[in-house]
Amino acid sequence: MIKNFIYLDEPKLYSFSSQLFEGVTEYVLSEEYLEKEDREESRERLASSRVIADVIKETSRSTTKKFLHDHSFTLFENQLREKGKLLDINTSTGKEETLASLHDYSFIKVKSKALISDAEKLTTLYKNFNSIGESMVISQMQGELTILENEILNKDIKDKDSAIKKRFEKEYNIKKKALDNKLRLPTIWKESLTNLLNFASGNTLQIHQNLNDILFSSFIERSHLREDLDSIIKKYSRFTQKEFVVLGVISSNISQAEKSNETALNTSAESVQMKSQLRNMSNALIALEEIMHGTEDNEVIIEPIAIYTEL
């Protein structure tokens, strides 16, 4: 099966590979030493270990060999499967089977259509929502604007553009039209929501996959994307019509996602010392983050190593 990589966390891949394959780390160290001494290694090494070690060496020389990285991942995935360490979830996997297996595996592979959730883009949308909404209303008023401009342009007015704008604002309440058409949000509410998103979510990028009422969420490091995010979305859309494969580490599963009451904010009179105040502020931060992007009851969080489509 040919893989079209969308995301590959190379440092994580080689960290796990060095532990999964015998001799990778020793091979790299040995090669570095022997290169300096201009000697040859006499002991035999595993073929897979040598390939991965060669890639690590090339990377250390600042030479990007994407095809070698991709091949190394294929070796890694195959080794996980051979050793029985990989939980493979797809559309044919039942819910009960999935739930029963989650605790028995550290590595998981999920294949399904995906939703790309970009907090940075969402924050920008809310920030500019009213302006965009008003522009959409005005875009439907070409006829009215043509008549208005024709009247002004036929008059002896020095600053015609300014006159057109003043006349337009006087005759048409665009903010009210946008609000009536649900293309405008209450200003104070919009600004407050934007502040919360900026603070709690920042530039968080996630991929969500929903299979048999189980939500699999992967937090993405933008630096490991193979191409620009906008380009990926243009090709696949935000809700992909093509199945994405996510392979990574289970960082929290459904049973571990139980909510705790230990983070309640303590505002008692005894919490007057700086240490207590800092602890309470941390608890408040945890509570806010739980509200903004806490784990859902049916959600499994994945720390992704690779995301790709199969060809």
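The values are calculated or read from the model by the stated rules, or taken from the named source; none is laboratory data. Owing to the predicted nature of the structure, the values given are computational and were not obtained by experimental measurement. All Cβ positions, even for glycine, are placed from backbone atoms using ideal geometry, and neighbour counts span all protein chains on display.
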Reported set for region 197-254 where residues are free of Cβ contacts under 8 Å to residues at least 60 places away in the same chain and within 18 Å of residue 87 (Cα to Cα) is 251, 252
Of all residues making up region 136-165, the number that are among the basic types (Lys, Arg) and either within 38 Å of the chain's Cα centre (by Cα) or exposed (fewer than 12 other Cβ atoms within 10 Å of the Cβ) (or both):
2
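Picking from 175, 155, which residue would you name as being over 16 Å from residue 131 (Cβ atoms) and free of Cβ contacts under 8 Å to residues at least 60 places away in the same chain?
155
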Taking the criterion of being in contact (Cβ under 8 Å) with a residue 40 or more places away in the chain and not in a loop (DSSP other than H, G, I, E, B), would at least one residue in region 135-147 satisfy it?
yes
Among the candidates 183, 148, 211, which residue alone is within 30 Å of residue 251 (Cβ to Cβ) and either among the hydrophobic types (A, V, I, L, M, F, W, C) or outside the structural domain of residue 95 (by TED's automatic domain parsing) (or both)?
211
Filtered residues of region 223-236 (kept if within 16 Å of residue 118 (Cβ to Cβ) and surrounded by 13 or more Cβ atoms within 10 Å (Cβ to Cβ)):
224, 225, 229, 232, 233, 236
Hey, can you tell me all the residues within region 72-100 that are farther than 16 Å from residue 247 by Cα and either in a strand (DSSP E or B) or without any contact (Cβ under 8 Å) to a residue 40 or more places away in the chain (or both)?
92, 96, 97, 100
